[in-house]
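The values are calculated or read from the model by the stated rules, or taken from the named source; none is laboratory data. Being a predicted model, the structure only gives us computed values, none of them experimental. Neighbour counts run over all protein chains shown; Cβ positions are idealised from the backbone, glycine included.
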Protein chains: 2
Amino acid sequence: MEIKVVRKVLDVNERMAQQNREYFTKQGIYVLNIMSSPGSGKTTLLEKTLARISSEIKSAVIVGDICTTNDADRLAKTGVSVVQVNTDEFGGDCHLAAHVIEKAAGQLDLKGIDLLFVENVGNLVCPAEFDIGENAKVVVISVTEGEDKPLKYPLMFRVCDAAVLNKIDLLPYLDYERNAVLENIKKVHPGMPVFEISATKGIGFEPWIKWLRNQVNRKKAPR
Amino acid sequence: MEIKVVRKVLDVNERMAQQNREYFTKQGIYVLNIMSSPGSGKTTLLEKTLARISSEIKSAVIVGDICTTNDADRLAKTGVSVVQVNTDEFGGDCHLAAHVIEKAAGQLDLKGIDLLFVENVGNLVCPAEFDIGENAKVVVISVTEGEDKPLKYPLMFRVCDAAVLNKIDLLPYLDYERNAVLENIKKVHPGMPVFEISATKGIGFEPWIKWLRNQVNRKKAPR
């Protein structure tokens, strides 16, 4: 019975996600859902990404946390429109659901926005199960988390369209095999692009920005 | 309606956790539930802890992951009895529930065991909500995750009896304020002991082992 109920919740979410998708598509907004473990560096990645693209791609951010507005405060400093969702208003949810995105989007000025980033709740499990109406999903893992995460959390890596391998500036101080994590990602999701970045040090951003730009432009191009 | 159902699931879990607790108490086994984000170093902490205590405290481990037996394979090398739970058998659960612990415990030889470690699924959100019949809960956070985690995931820090601040060997390479994280833990859970450790480098184990020893002995002492 429990499973049936979960199925029902997911079905409702699916419908709402589809509504979100139609709404964002109509507005010409590309939506990117960014997910990771707590502390993998999503917010720093976003700060540095926004600083690099803001002159060419008009962006906004929805950021989810159970508590605090820390991340929204940091992101607001980049000058983009930001709304913080605190899931403790929704029962302390461990993920952002589609109805939460609909509500949050209503609080943003989306006029002229090309790209809406959604920084999900830090959790490598549950957010992977919830479609929010995005165009693509990105998983961020940091090298301090070990090489085995793709194998241990396969759903997350399977549903994502790209991965960011963050904190590569710490590699000299870790017993970490870069090839092993790349192999593990390949096992779970062959062909998925992986961007090796140090968000804090500003290393490796070019291919990531290029990918983002292509994603947004491809969506805007007439079909 | 959704909330009611969740409540029911939690009630069932609560009852099963109480049964586990009675069972373990009768066997004289102290149960410690270890939780963290993915990649915070729970397994390495356990490996090094087991190596240090095995001569005086007879231990066993239940380790939870969605997939893979990586952690059990690593822990089995320490010579203790280990059972791996893969939650993909239970719908890919993002936490260990009490009924899973009951099943796993049945696969362990618990004769003469003083201390049962439960390494939970890597997730700083959901496992905090599920009593498994443990005597105490410990949260592990690594310094690479940033100082704000106690404020962003307050339930986890509120329900735990101790915290391990891991990977302190990386502090020289990070822009990390140790005092800030200690302050944040204090705000959420005043008085909770915090053990500053580098599991990989074997630093800071003495106070942690002392705490463990006290926990196990206090339980065994006649009341």
> Given the structure, is B:ASN184 free of Cβ contacts under 8 Å to residues at least 12 places away in the same chain and among the polar types (S, T, N, Q)?
Replying inline: no
> How many of the residues making up segment B:193-221 are under 18 Å from the mean Cα position of the chain (by Cα), of a type in the set (A, V, I, L, M) and more than 20 Å from B:LEU115 (Cβ to Cβ)?
Replying inline: 1
>> Which condition from (1) in contact (Cβ under 8 Å) with a residue 24 or more places away in the chain; (2) closer than 22 Å to B:THR200 by Cα; (3) in a helix (DSSP H, G or I); (4) not charged (D, E, K, R) is the one that B:ALA72 breaks?
In response: (1)
> Pick from A:ILE34, A:ILE66, A:ILE62: which is closer than 25 Å to B:HIS95 by Cα, of a type outside the set (S, T, N, Q) and free of Cβ contacts under 8 Å to residues at least 60 places away in the same chain?
Replying inline: A:ILE66
> In segment B:185-198, what count of residues is obtained for those that are among the small types (Gly, Ala, Ser) and either farther than 24 Å from A:ASP169 by Cβ or more than 12 Å from chain A (Cβ to nearest Cβ) (or both)?
Replying inline: 1
> Mind checking which residues of segment A:118-148 are within 14 Å of the chain's Cα centre (by Cα) and part of a helix (DSSP H, G or I)?
Replying inline: A:CYS126, A:PRO127, A:ALA128, A:GLU129
> Of everything in segment B:75-98 that's assigned to a loop (DSSP other than H, G, I, E, B) and charged (D, E, K, R), which residue is surrounded by the most Cβ atoms within 10 Å (Cβ to Cβ)?
Replying inline: B:ASP93
> Just wondering, is there one or more residues in segment B:59-68 that are under 14 Å from the mean Cα position of the chain (by Cα) and in a helix (DSSP H, G or I)?
Replying inline: no
> Does any residue in segment B:37-59 that is over 16 Å from B:ASP169 (Cα atoms) come within less than 7 Å, Cβ to Cβ, of a residue that is surrounded by fewer than 24 Cβ atoms within 10 Å (Cβ to Cβ) and aromatic (Phe, Trp, Tyr) six or more places away or on a different chain, and which pairs are these?
Replying inline: B:ARG52/B:PHE205
> Of the residues B:LEU151, B:LEU182, which is over 17 Å from the mean Cα position of the chain (by Cα), within 11 Å of chain A (Cβ to nearest Cβ), part of a helix (DSSP H, G or I) and within 24 Å of A:THR44 (Cα to Cα)?
Replying inline: B:LEU151
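Matching residues to (1) modelled with pLDDT of 95 or more; (2) surrounded by 13 or more Cβ atoms within 10 Å (Cβ to Cβ); (3) assigned to a helix (DSSP H, G or I):
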{"residue": "A:PRO172", "(1), (2), (3)": "yes, no, yes"}
{"residue": "A:LYS187", "(1), (2), (3)": "yes, no, yes"}
{"residue": "A:GLY191", "(1), (2), (3)": "yes, no, no"}
{"residue": "A:GLN215", "(1), (2), (3)": "yes, yes, yes"}
> Hey, among A:LYS201, A:LYS210, which residue is within 14 Å of chain B (Cβ to nearest Cβ) and surrounded by fewer than 19 Cβ atoms within 10 Å (Cβ to Cβ)?
Replying inline: A:LYS201
> Do we have B:VAL125 as within 12 Å of another protein chain (Cβ to nearest Cβ), touching a residue at least 12 places away in the same chain (Cβ under 8 Å) and among the aliphatic types (A, V, I, L, M) here?
Replying inline: yes
> If you check A:ASP175 against the conditions, is it within 14 Å of chain B (Cβ to nearest Cβ), within 16 Å of A:TRP208 (Cβ to Cβ) and over 20 Å from the mean Cα position of the chain (by Cα)?
Replying inline: no
> Is there a residue in segment A:156-169 that is away from chain B (no Cβ under 12 Å), without any contact (Cβ under 8 Å) to a residue 12 or more places away in the chain and either surrounded by fewer than 20 Cβ atoms within 10 Å (Cβ to Cβ) or in a loop (DSSP other than H, G, I, E, B) (or both)?
Replying inline: no
> Taking A:ASP114 and the conditions (1) within 11 Å of chain B (Cβ to nearest Cβ); (2) in contact (Cβ under 8 Å) with a residue 60 or more places away in the chain; (3) of a type in the set (Asp, Glu), which numbered condition does it fall short on, given that it satisfies the others?
Replying inline: (1)
>> With the structure loaded, tell me whether A:GLU145 is touching a residue at least 12 places away in the same chain (Cβ under 8 Å), over 24 Å from A:GLY79 (Cα atoms), among the charged types (D, E, K, R) and at the interface with chain B (Cβ under 10 Å from one of its Cβ atoms) or whether it fails that test.
In response: yes
>> Of the residues A:ASP131, A:ASP65, A:ASP71, only one is of a type in the set (Asp, Glu), under 26 Å from B:ALA128 (Cβ atoms), surrounded by fewer than 24 Cβ atoms within 10 Å (Cβ to Cβ) and within 12 Å of chain B (Cβ to nearest Cβ); which?
In response: A:ASP71
>> Looking at (1) surrounded by fewer than 17 Cβ atoms within 10 Å (Cβ to Cβ); (2) more than 11 Å from chain B (Cβ to nearest Cβ); (3) of a type in the set (Ser, Thr, Tyr), which one does A:THR49 not meet, given that it meets all the others?
In response: (1)
